[in-house]
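Take a look at the structure set out below.
The values are calculated or read from the model by the stated rules, or taken from the named source; none is laboratory data. It should be emphasised that the depicted structure is a prediction, and the values quoted were computed from it without experimental measurement. Quick reminder, even Gly has a Cβ in these numbers, built from the backbone with ideal geometry, and neighbours come from all protein chains shown.
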Amino acid sequence: MILKMSIFVTMAALGLLLHSNTAHPAHPTTYTVGDSTGWTFGVAGWENGKNFKAHDKLVFKYAVGRHTAVVVDKSSYDYCTVPDGAPTFTSGNDTITLAKGHNYFICGVPGHCQAGMKIAANAA
């Protein structure tokens, strides 16, 4: 009888644990783009090897007035162009939430994207 009760309690506890893990998805991760260097020249490639998820947050840190963070599409990323109406951030401490799939960002200051101020983050 004690063995049956012990098994029941263990199974009930396991069920609660499993239920609590599925009921509360993991919290999004926050990444500072470029780590301690920040959003600057040559940051392209920083995103390589990272396992981004939808709803993770990227923080772009840079000197106000020297750079911007612009959300662009693949073509604008490839050609370093800022399309009309593209979401542009200028605070120097911008937090942008990743959407599922490919997310592209460039600095909108002329010449900066060509100098490696661009990242492409793929979020699962």
**Message:** Among (1) within 23 Å of Gly49 (Cα to Cα); (2) buried (at least 19 other Cβ atoms within 10 Å of the Cβ), there is one condition Phe89 misses while meeting the rest; what is its number?
**Reply:** (1)
**Message:** What's the number of the only condition in (1) part of a loop (DSSP other than H, G, I, E, B); (2) out of contact with any Gly (no Cβ under 6 Å at 6 or more places or on another chain); (3) farther than 29 Å from His27 by Cα that Ala54 fails to meet?
**Reply:** (3)
**Message:** So if I check each of Val70, Val33, which one is within 12 Å of the chain's Cα centre (by Cα) and crowded, with 18+ Cβ neighbours inside 10 Å?
**Reply:** Val33
**Request:** Kindly establish whether Val82 is among the hydrophobic types (A, V, I, L, M, F, W, C) and at pLDDT 95 or above.
**Result:** yes
**Prompt:** Looking at region 94-122, which of the residues that are surrounded by fewer than 17 Cβ atoms within 10 Å (Cβ to Cβ) and among the hydroxyl-bearing types (Ser, Thr, Tyr) is farthest from Ser75 (Cα to Cα)?
**Reply:** Thr95
**Fill in**
Cβ pairs under 8 Å, 6+ apart or interchain, first in region 97-116 and touching a residue at least 60 places away in the same chain (Cβ under 8 Å), second in a loop (DSSP other than H, G, I, E, B) and acidic (Asp, Glu), ordered by first then second residue, are Thr97/Asp56
**Item:** Contacts under 9 angstrom Cβ, first residue in region 27-53 being within 15 Å of Leu98 (Cβ to Cβ), partner crowded, with 17+ Cβ neighbours inside 10 Å and polar (S, T, N, Q), 6 or more apart
**Value:** Phe52/Asn103
**Asked** Could you list, in sequence order, the residues of region 85-99 that are in a loop (DSSP other than H, G, I, E, B) and more than 10 Å from the chain's Cα centre (by Cα)?
**Response** Gly85, Ala86, Pro87, Thr90, Ser91, Gly92
**Request:** Confirm whether Val64 is touching a strand residue (DSSP E or B) at 6+ places or on another chain (Cβ under 9 Å), surrounded by fewer than 19 Cβ atoms within 10 Å (Cβ to Cβ) and of a type in the set (A, V, I, L, M).
**Result:** yes
